[in-house]
Each structure stands twice: as C-alpha cells, then as structure tokens.
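J.: This is the structure, below, for whatever I ask next.
The values are calculated or read from the model by the stated rules, or taken from the named source; none is laboratory data. Just so we're clear, the structure is a prediction, and the values are computed from it rather than from any experiment. Here the Cβ positions follow ideal geometry from the backbone for every residue, glycine too, while neighbour counts run over all protein chains shown. For the accessible areas, the whole protein counts, side chains as well, though only heavy atoms, and no ligand, DNA or RNA atoms are used. Shrake-Rupley method; radii C 1.70, N 1.55, O 1.52, S 1.80 Å.
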Amino acid sequence: MSRYDVVIIGSGYAGLACATRLPGRSVLVLEKNPSVVEKYRGGFGAYLPIGDDIEAYGKSVFLEGLGLHVEGGLLERIERLEIRGYRERYSLDLKKPIILLNERRIKGALYRRALEVGVDVVVDSPVREVSFGQNFCKVRSNDDFEARVLVGADGSQSLVAHQLNLNRDKIAVLFQREAEVDMLDLAPRTMLVQVDAQGHWYVAMPYNGRYLVSVIQVLSPKGVPSNLDKLLLDRIERLDGSRCISIRTSIVKILEPSPVSYKDNVILAGDSVSAYGFSSISGALTQGSMAGASVSRFLAGSSYAFPDYEKKWRKATAQNKLELLKWLFPLGARVGAHRVDRAISTLTLGNSDGPWGLFTRAREIAALLRLFL
C-alpha cells in the first residue's frame, strides 16, 4: 500500500489549487476521467466575482490567489448585455466586462504547477471506497493508498462527503443543452439573455471565434424537462445560426447548503461543499487554495487549521449571501416572457434621470417588482 501525506480526490479547480499549496509534502491527486484538462465546467467558463480576483490582460489572465499567470487564459470579453422578452428588448453596456475563461489553458497551468511542486497525478483512476480514522485515511482505487489527510474535491456527488454523512437534499435540478455554432446574428462582445412564456432561459454569446447558444430549465427535483434539443435548434434557427458543430448536455443538482466542511483529518473543497453543490471557477480556486494552506498547517500540528478554514472560506466566497438565494428560487419560477416585457417597458419609460438619478433608480426598482410580482 502506497503512503502519502495527502490524497486529493478530484483534479478540478479546487483539487489542483489545493495540491499546488503543498510543496514539500507527498501528495497524490486521483482523477476518475482519462484527462485532467478535458473536463469542462458549467457556466460557459464565465468568471463570477466570488472568491479571489481573476484579472485579464490582453488574452492572458492572472489568478491572484495562486499568483499564477496564464497566457491565453482569456477567450472573450462580454461588454454588452441584451435582454429580450416576448416583444421588448433592452441593451445594457456593462461597467465591468464579463470575461470568459479558456478552461483548458487554466487547467493546464494548474496541472503544470502541481507537477512542479512534486505532486503525483493519476488519471483514469476512479475511487471506489474511502475510510478514515483519527490518524489515517484509506483510499481504494485501481490501487490502495493511505494518507494522513484526505481532501474531497470530487464534486457535488462527493464520495467523501457521503462518507461524512453529508447527505444534502435536492432543492431543484438545472437542465442545460448547449450548442456551438459557426455563425449567429449577434452583435460583437454581446451576451443575449431571453426567456419564453414557459420559463425556458436562452443564452447566446461569442465564444472563441464561434458562438454558444444554450437553453436552460430549472425544475423541482421530480420535474420532467421539456424537449430541450428541439427548443435549442429552434432558437439557433431564430438567431440565423449556421452549422451546428457540437451539442453538450449538463444536469446540475441544486443541493441544500452543506452544514460542515471537515471532520477529523478529512476536509472538503469545491463543489463537494459549496452552496447548492456548485462553485464558480474563482470560488473553487479560492477554496482549493485555502484548503491546501489549512492542510499544511494541520500536518504541522495545528488543531485550529480546519476550523479556521471553514470560517475563512465561507467568508471569502460569500457563502452566507449565496445561501440566501434559496428564497429566490420560487420567485424565479414566476419569470416569463410577458413579465420581462413589463419590466423592460418600465425601464425604458421616460428619458429624464431627474436630480441625483432618482428617476432611474425608481424605474429599476419598479422593473424588478414587475418581473417577479
């Protein structure tokens, strides 16, 4: 049986970020897929301002929390948001562009950094069983391993979290179909967001010299999705899309927030512990980086390392605020094309901003109320 200081299950953003923070330790990363860089995350690779900042310079990005510069890490900048309902449309110039990340480049940079600090990465090695006590953790994969610390960065259906009895109830399920097309009737650097009368959400945007079109439906745990393939192809046709290159499917289980992130010598990071079972790219990097630092302290003898991690990563990734979104799910189900039309007509009512922009702020509040109520 091979022995390590740390075994990390999962080579996603959280797992690799954790590994890079453990130089001088014997570390093993186990990945069930045949490649570290090929698995893509949901959310179109969009950077969300949760966790450490990701700064874009030209076509490169800088991962602030890890001090890592990634050449070619930027795919697109989205500078305008276009919202459409049934008849109305509203365009908004973004004060800060949305950046779309090149996940392959970022994963590759993290992988190389992990190898540089001496981490062993084994792919095509699904974990079948884990067990742990106060002084050891055992992992059964293609081979058997033993470690002083186990890190569960193995996604929302985490085997490690399951062994910790963190069985989180499902709040909802998100179904997504996404297509990559050659051409689309869409302005440059513009993201289109549209909703139909049945509550299906459509998103379209430029993506690495082509375009992405996606249809999203959020249902209760026992809900049955619509024919999303038909809706997607219909939307592509409406947007004058040409040559569909690929279609991808994503199903995301939206889970109850996790009550804890560690027990004894086991610690969780990434989707396995984040609110609703999904963390942004920057959030996963932040969690992994903080988990790695805490594991290093734990191995050095600190009994406060893991309790400190739980408190700090929740604050760093705004978990308390994200968990409040649970109360908005029922309201989101009420949004439809006609409500969006009403909200847009309210936003475009009149041209005067009045003193100190009071009219503009009042219109924004009224539009929000008309969207949900």
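J.: Quick check on this structure: which one of A269, A293, A318 is touching a helix residue (DSSP H, G or I) at 6+ places or on another chain (Cβ under 9 Å), of a type in the set (A, V, I, L, M) and over 20 Å from L150 (Cβ atoms)?
T.: Working: A269 fails: over 20 Å from L150 (Cβ atoms); A293 fails: over 20 Å from L150 (Cβ atoms).
Being touching a helix residue (DSSP H, G or I) at 6+ places or on another chain (Cβ under 9 Å), of a type in the set (A, V, I, L, M) and over 20 Å from L150 (Cβ atoms) holds for just one of A269, A293, A318, which is A318.
J.: Out of everything in the stretch 20-32 that is assigned to a loop (DSSP other than H, G, I, E, B) and in contact with a helix residue (DSSP H, G or I) (Cβ under 6 Å, 6 or more places away or on another chain), what residue ends up being surrounded by the fewest Cβ atoms within 10 Å (Cβ to Cβ)?
T.: Across the stretch 20-32, the extreme among qualifying residues is R21.
J.: Still on this model: Search the stretch 149-204 for residues being of a type in the set (G, A, S) and on the phi > 0 side of the Ramachandran plot, and hand back the single one that is surrounded by the fewest Cβ atoms within 10 Å (Cβ to Cβ).
T.: G199
J.: Search the stretch 157-170 for residues that are over 13 Å from S261 (Cα atoms) and pair each with any residue that is open to solvent by less than 50 Å² (accessible area, probe 1.4 Å) and among the β-branched types (V, I, T) when their beta-carbon atoms are under 8 Å apart and the residues are at least 6 apart or on different chains.
T.: Matching pairs, first to second residue: L159/I9; L159/V127; L159/V130; K170/I254.
J.: Would you check which residues across the stretch 242-266 are in contact with an Asp or Glu (Cβ under 9 Å, 6 or more places away or on another chain) and either modelled with pLDDT of 90 or more or in a helix (DSSP H, G or I) (or both) and list them?
T.: Across the stretch 242-266, the qualifying residues are S261, Y262.
J.: Kindly indicate the residue of the stretch 140-177 that is among the acidic types (D, E) and over 16 Å from the mean Cα position of the chain (by Cα) and also nearest to E323 (Cα to Cα) among those meeting that condition.
T.: Taking the candidates together, the pick is D169.
J.: Right, another one. Mind listing whichever residues of the stretch 33-52 are open to solvent by 60 Å² or more (accessible area, probe 1.4 Å) and at pLDDT below 90? First the steps, then the outcome.
T.: Just the residues of the stretch 33-52 that are open to solvent by 60 Å² or more (accessible area, probe 1.4 Å), to begin with: 34, 38-40, 48-49.
Hits for the stretch 33-52 are E38, K39, Y40, L48, P49.
J.: Quick one: count up the residues across the stretch 81-113 that are in a helix (DSSP H, G or I) and open to solvent by 100 Å² or more (accessible area, probe 1.4 Å).
T.: Counting residues in the stretch 81-113 that are in a helix (DSSP H, G or I) and open to solvent by 100 Å² or more (accessible area, probe 1.4 Å) gives 3.
J.: Filter the stretch 337-360 for residues that are modelled with pLDDT under 75 and in contact with a Gly (Cβ under 9 Å, 6 or more places away or on another chain); which is most open to solvent (accessible area, probe 1.4 Å)?
T.: F359
J.: For the stretch 127-144, what are the residues that are in contact with a Leu (Cβ under 8 Å, 6 or more places away or on another chain), outside any strand (DSSP E or B) and not β-branched (V, I, T)?
T.: Hit for the stretch 127-144 is S141, nothing else.
J.: Let me ask you something else. Scan the stretch 129-139 and tell me whether some residue there is over 15 Å from K263 (Cβ atoms), within 25 Å of the chain's Cα centre (by Cα) and open to solvent by less than 80 Å² (accessible area, probe 1.4 Å).
T.: No, the stretch 129-139 contains no residue that is over 15 Å from K263 (Cβ atoms), within 25 Å of the chain's Cα centre (by Cα) and open to solvent by less than 80 Å² (accessible area, probe 1.4 Å).
J.: Suppose the filter is part of a strand (DSSP E or B) and either crowded, with 20+ Cβ neighbours inside 10 Å or over 21 Å from the mean Cα position of the chain (by Cα) (or both); does V121 pass it?
T.: Yes.
J.: Answer with yes or no whether L324 is in a helix (DSSP H, G or I), more than 24 Å from K107 (Cβ to Cβ) and at pLDDT below 90.
T.: Here the answer is yes, as L324 does meet what is asked.
J.: Could you figure out which of (1) assigned to a strand (DSSP E or B); (2) open to solvent by 40 Å² or more (accessible area, probe 1.4 Å) isn't true of L75?
T.: Looking at each condition in turn, L75 falls short on (2).
J.: Looking at the stretch 246-267, can you tell me whether even one residue there is β-branched (V, I, T) and under 17 Å from G85 (Cα atoms)?
T.: no
J.: Just to be sure, is V224 touching a residue at least 24 places away in the same chain (Cβ under 8 Å) and over 18 Å from the mean Cα position of the chain (by Cα)?
T.: No.
J.: Could you please give the count of residues in the stretch 161-210 that are under 22 Å from R342 (Cα atoms) and part of a loop (DSSP other than H, G, I, E, B)?
T.: So the answer is 5.
J.: For the stretch 1-19: of the residues being more than 17 Å from V266 (Cβ to Cβ) and under 20 Å from the mean Cα position of the chain (by Cα), which is most open to solvent (accessible area, probe 1.4 Å)? Show your work before the answer.
T.: Step one: list which residues in the stretch 1-19 are more than 17 Å from V266 (Cβ to Cβ), which gives 1-2, 11-13, 16-17.
Subset that is under 20 Å from the mean Cα position of the chain (by Cα): 11-13, 16-17.
Values: S11: 2, G12: 27, Y13: 9, L16: 0, A17: 0 Å².
Within the stretch 1-19, the match that is most open to solvent (accessible area, probe 1.4 Å) is G12.
J.: Identify, by number, the condition in (1) open to solvent by 40 Å² or more (accessible area, probe 1.4 Å); (2) among the small types (G, A, S); (3) in contact (Cβ under 8 Å) with a residue 60 or more places away in the chain that G58 doesn't meet.
T.: (3)
J.: May I ask you to list pairs of residues, at least six apart or on different chains, whose Cβ atoms are under 8 Å apart, with the first in the stretch 145-156 being assigned to a loop (DSSP other than H, G, I, E, B) and the second being of a type in the set (F, W, Y) and open to solvent by 10 Å² or more (accessible area, probe 1.4 Å)?
T.: Close Cβ pairs (under 8 Å, with a partner that is of a type in the set (F, W, Y) and open to solvent by 10 Å² or more (accessible area, probe 1.4 Å)) amount to S156/F278.
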